[in-house]
Amino acid sequence: VGDVVVVICERMPSSSKRPATACETCSEAIARYRCPGCGAMSCCLACVNKHKLDRSCNGKRDVSAYRAIHDFDDAALLRDYHFLESAQRSIESAARCSGEAHGLSMARRTLANQAWQRGVLLDLLPTGMKRQLQNTSRFDSKRRRIRWRVELLFGQAAVRHVEPHVHEDATLIQILSAIIPPYGNGETSTTVARQQHTTESSTCLIRSAAHSVSDSAAPPATTAFMPTGSEGQLALLRHRLRAYAREGVAALQVFLPVPWRKADQPRFLRIPISVPLSEALQNTNIVEFPQFHVRLNEVFQCG
């Protein structure tokens, strides 16, 4: 049997590992941290804080510091690349907070500004959101008036009715009187009598005038309110709203939902129906356009 030769291999230190370096602050322990600002090696948090005081270092790398071409290596290239990426993220973040990222055209900017001047906090959503696409509210620069998209929700009848261009001088009682006719024939009740009087006398600027106005400062001409929709659609709408017709327009209650509310705030605000929209919407917060909940007198609570 041949001799068995045992070879003992001594483990050599790996060349990929850097030699241990003593802490430059205390010179007692092995350094584990390198300062991005000055490059000092430290072993613990106490030494890191002490070296900042001793060297007046803020611990941040100077991204604009000059580096000679012979000192420029792969690590410096990678740091500059990360710096450019960080700058691009900052630009994109600032753009998202500005109006241009939300797709606000000049018309929408003007609408928000004019609403603010009237005491209405109008929140405009980013481009592409459903409520933004539905909004037809515009500011008429010639007549200096806002034409609102008004959405009416009749909860008891499960009806949603939209008027795309309602003049801000119109009142809710005028709009409701046009789509909710007096109930019955020969009705003599006080509520129906008031409703008939309102229907006959109500005039407002709901749609654009067909003719041009030579003087933009002149008051706009008034036309009788004609609700949106064909005769068949209006007949169906009025049939579905017969419970509201029985109650009478003057007895109805109109509420505006409160967006972004706190837990202890009411969900709805009571809106007067006999004043113009410009006055009724003062000190309110609206998302894109007003959405009114029309309720019978005895079935609604604001909380």
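The order of the peptides 144-157, 167-180 by mean Cβ neighbours within 10 Å, most packed first, is 167-180, 144-157. Report note on the peptides 119-129, 80-90: ranked by the mean count of other C-beta atoms within 10 Å, highest first, their order is 119-129, 80-90.
Of all lysines in the structure, the ones whose alpha carbon falls short of 19 Å from that of Lys60, not counting any fewer than 8 places away in one chain, are Lys50, Lys52.
What is the sum of charges, Lys and Arg at +1 and Asp and Glu at -1, for the other residues whose Cβ falls under 14 Å from the Cβ of Leu122? Result for the neighbourhood of Leu122: +4.
Read-outs throughout are calculated quantities, based only on the coordinates presented, and are distinct from any laboratory measurement. Fair warning: this is a prediction, and the values are worked out from it, not measured in the lab. In this analysis, Cβ positions are derived from the backbone assuming ideal geometry, glycine residues included, and neighbour counts consider all displayed protein chains.
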